[in-house]
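Participant: Pasting a structure below so you can have a look.
The values are calculated or read from the model by the stated rules, or taken from the named source; none is laboratory data. The shown structure was predicted, so the numbers you read here are calculated from the model rather than taken from an experiment. Using ideal geometry, Cβ is built from the backbone for each residue, glycine included, and neighbour counts are taken over all protein chains shown.
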Number of protein chains: 2
Amino acid sequence: MQTNVGHFCINVADLERSVTFYEEVMGLKLDQRIQIPNVNEAILVGQDGSSGIQLAEHLDRTGVIDHGNAFWKLYIHTDDCEGLFRKAIEAGSTSNGAPQRLEQWPVTIAFITDPDGYEIEIVQSHSE
Amino acid sequence: MQTNVGHFCINVADLERSVTFYEEVMGLKLDQRIQIPNVNEAILVGQDGSSGIQLAEHLDRTGVIDHGNAFWKLYIHTDDCEGLFRKAIEAGSTSNGAPQRLEQWPVTIAFITDPDGYEIEIVQSHSE
């Protein structure tokens with residue numbers, strides 16, 4: 001039996017607000033929209049067309065997303081951590097950690113939140 | 001600027017219990033373990049080595065995961081939805097929906113929960 005991990009789906013309070021954020025700020029591409037009873041969804045993928053993120057707005061729910069302590073973070077890979085971090089902050093994201101180059105791994109990482117407060121870890125890999 | 005979606009990270013109450021579930025029941029492969037202060041993590045990937053799932057156990061937290069209403073579900077793709085669903089149920093997973101072939105898309109899907117109650121949508125694609 002073959003098994004592979006697909007994408008993941010997070011609930012959002014305002015689908016259009018989130019689609020705009022992931023498209024215009026994070027630079028992802030809107031791949032498809034899905035409507036099922038009481039739920040409007042959108043799937044966005046990376047610029048290489050690979051693995052994506054599914055956003056779902058439940059029309060019978062109101063108010064802000066209750067994060068509990070279940071989902072921790074999602075990763076966005078980029079070739080410009082500093083630039084993407086700055087772009088997000090200028091668009092209204094909260095910083096959970098300014099860009100820093102790690103000593104133990106060849107990466108620069110930064111932490112921001114999306115419009116619902118989901119944490120995003122921005123990762124830029126370095127060749128050396 | 002290039003941006004792509006990476007994997008995602010969910011908090012779990014018992015890392016070894018979850019690693020065992022995703023390895024032995026879901027059939028994923030343990031790719032790496034990471035230890036950072038107060039957190040033990042594991043990353044599992046699909047059998048094709050592609051996109052993975054990161055599990056994190058915070059050592060300073062106890063009790064069950066509080067799911068709030070933020071994370072909805074993750075997708076596991078397989079070539080045998082019925083078999084994987086049955087295997088999960090026999091291992092103690094709760095069914096949130098028995099396998100059904102959809103009319104609007106060429107897929108068979110089923111819903112189960114992992115040991116922390118995260119929802120997993122099992123998807124088998126059909127060529128016709």
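Participant: Scan region B:50-76 residue by residue and report those that are within 7 Å of another protein chain (Cβ to nearest Cβ), in a strand (DSSP E or B) and modelled with pLDDT of 95 or more.
Facilitator: Scanning region B:50-76 gives B:ILE53, B:ALA56, B:PHE71, B:TRP72, B:LYS73, B:LEU74, B:TYR75, B:ILE76.
Participant: Related question: Mind listing whichever residues of region B:18-47 are at pLDDT 95 or above, part of a loop (DSSP other than H, G, I, E, B) and surrounded by 15 or more Cβ atoms within 10 Å (Cβ to Cβ)?
Facilitator: Passing the criteria: B:MET26, B:GLY27, B:LEU28.
Participant: Mind listing whichever residues of region B:80-116 are outside any strand (DSSP E or B) and more than 16 Å from B:GLY27 (Cα to Cα)?
Facilitator: Within region B:80-116, B:THR94, B:LEU102, B:GLU103, B:GLN104, B:TRP105, B:PRO106, B:ASP116 meet the criteria.
Participant: For region B:88-128, which positions are without any contact (Cβ under 8 Å) to a residue 60 or more places away in the chain, within 22 Å of B:LEU15 (Cα to Cα), in contact with a strand residue (DSSP E or B) (Cβ under 9 Å, 6 or more places away or on another chain) and of a type in the set (D, E, K, R)?
Facilitator: Selection gives B:GLU119, B:GLU121.
Here's the yes/no breakdown for (1) closer than 15 Å to B:TRP72 by Cα; (2) in contact with a Phe, Trp or Tyr (Cβ under 8 Å, 6 or more places away or on another chain):
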site	(1), (2)
A:THR3	no, no
A:ARG17	no, no
A:GLY52	yes, no
A:GLY68	yes, no
A:TYR75	no, yes
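Participant: Output yes when any residue across region A:100-122 is farther than 27 Å from B:HIS58 by Cβ, modelled with pLDDT of 95 or more and not basic (Lys, Arg), and no when none is.
Facilitator: The answer is no; no qualifying residue exists.
Participant: Under 6 Å by Cβ, and 6 or more places apart or on different chains, what pairs join a residue from region B:69-87 that is of a type in the set (Ser, Thr, Tyr) with one that is part of a helix (DSSP H, G or I) and modelled with pLDDT of 95 or more?
Facilitator: Within 6 Å, the pairs are B:THR78/B:LEU84.
Participant: If you scan region A:1-17, which residues turn out to be farther than 18 Å from B:PHE71 by Cβ, within 13 Å of chain B (Cβ to nearest Cβ) and not in a strand (DSSP E or B)?
Facilitator: A:MET1, A:GLN2, listed by residue number.
Participant: Pick from region B:77-96 the residues that are loosely packed, with under 15 Cβ neighbours inside 10 Å and at the interface with chain A (Cβ under 7 Å from one of its Cβ atoms): which of them is nearest to B:SER51 (Cα to Cα)?
Facilitator: Only one residue tops the list, namely B:ASP79.
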